[in-house]
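This report refers to the structure that appears directly beneath it.
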Amino acid sequence: MSALGFGAMLLSITGRPPEDQARATLNAALDAGINFVDTAGAYCLDETEYHHNERLIGSTLRLRGCSAIVATKVGVRRPGGAWTVDGRPSAIRAAAIASLEALDVQALDLLQLHAPDSRVPFADTVGALARLREEGKAKLIGLCNVSWQQLVAARRIVPIASVQNRWNVEDRRAETDGMLDHCAREGIAFVAYSPFGGARGAPVLGTHGRLADEARRRRVSPHRLMVAWMLAKNPAVIPLIGARRPESIADSARASSLALTAEDVAAVDDALAAKPFT
Ligand SMILES: NC(=O)c1ccc[n+]([C@@H]2O[C@H](COP(=O)([O-])OP(=O)(O)OC[C@H]3O[C@@H](n4cnc5c(N)ncnc54)[C@H](OP(=O)(O)O)[C@@H]3O)[C@@H](O)[C@H]2O)c1
């Protein structure tokens, strides 16, 4: 599997690009050697078009005639375009079966819980994921937006292959709450989402003085340097990069061949510690 993942969310939610640009962006990620693609049944505008993103990915892969490891998510709904958790076992099951159809596959490569639902016992939600795995509808199970205590509880029910939590300059909890170290120790992938702070954070990252200086010195974009730094920080990390333009994912993807020395990592640590970022 590639060191980086492509997160396809921005190709289907509000502000999404035209379909030909969306396909070109996914193709640019694949051309750059990224073979791990993240999606969700809820990546769409609203409840009228659930699984938009999965259909886009499935059809693009078929047109291209190639395969990739596709990670999808269940457990979030989009009534009226809002993001609402729904961890009821029946909802988890129905969404996973709809994802199989949208991606047109027999088994989901990695089925992730999008977020825990505080109204539903966590063990019940995870139990629904475990049953889907037992039935062969999902090869691997992952969790998003969880604490490591929830990770430990889930692992009593089903093997967990990955945790997908936010990790970026504004939210560095993964480094301090024990999750990164826990994942590395236990052989669980830590899929770091919104590494640039999303579509709003990405332009700001580029204007951060110290980080921009470090990037300029190495003749790379701040985004590419940031991803290389994430890769160097912890072996469990798979940065999950979003894009709406082929150029941006092509640039970020080159982080996997940007080797940083310990001094480089320390320099980026210092740059990121310097506030504010604008
Ligand atoms: N599990 C969850 O709850 C959860 C939540 C949020 C996101 N995610 C996943 O994580 C993925 C990534 O997160 P994200 O899309 O929110 O944010 P992100 O990766 O932090 O930022 C995406 C933005 O970065 C820009 N960008 C990428 N590479 C660039 C480069 N080299 N130079 C300049 N700009 C660059 C893109 O610009 P352009 O648009 O111009 O290409 C895009 O707008 C999502 O797609 C989704 O799969 C998961």
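Side notes on the structure shown:
- Scanning segment 129-140 for residues that are of a type outside the set (Lys, Arg) and either under 16 Å from ALA94 (Cα atoms) or surrounded by fewer than 18 Cβ atoms within 10 Å (Cβ to Cβ) (or both) turns up LEU129, ALA130, LEU132, GLU134, GLU135, GLY136, ALA138.
- Segment 73-131, residues that are touching a strand residue (DSSP E or B) at 6+ places or on another chain (Cβ under 9 Å), within 15 Å of the ligand (Cβ to nearest atom) and assigned to a loop (DSSP other than H, G, I, E, B): GLY75, ARG78, TRP83, ASP86, GLY87, HIS114, ALA115, PRO116, ASP117
- From the options THR48, THR39, residue that is β-branched (Val, Ile, Thr) and away from the ligand (no atom under 12 Å from the Cβ): THR48
- Qualifying residues in segment 1-52 (those that are among the β-branched types (Val, Ile, Thr) and closer than 21 Å to CYS144 by Cβ) - the one farthest from the chain's Cα centre (by Cα): THR14
- Segment 85-114: number of residues that are surrounded by 21 or more Cβ atoms within 10 Å (Cβ to Cβ) and either more than 22 Å from GLY58 (Cα to Cα) or among the basic types (Lys, Arg) (or both): 2
- Some residue of segment 182-193 being away from the ligand (no atom under 11 Å from the Cβ), under 14 Å from the mean Cα position of the chain (by Cα) and of a type outside the set (Gly, Ala, Ser): yes
- Among the residues making up segment 132-168, those that are in a strand (DSSP E or B) and within 13 Å of the ligand (Cβ to nearest atom) are GLY142, LEU143, CYS144, SER162, VAL163, GLN164, ASN165, ARG166, ASN168.
- Subset of segment 194-237 (residues that are more than 11 Å from the ligand (Cβ to nearest atom), surrounded by 23 or more Cβ atoms within 10 Å (Cβ to Cβ) and either among the small types (Gly, Ala, Ser) or modelled with pLDDT under 95 (or both)): LEU211, ALA228
The values are calculated or read from the model by the stated rules, or taken from the named source; none is laboratory data. Quick caveat, the model's predicted, so the values are computed rather than measured. With ideal geometry, Cβ positions are generated from the backbone for all residues, glycine too; neighbour counts draw on all protein chains shown.
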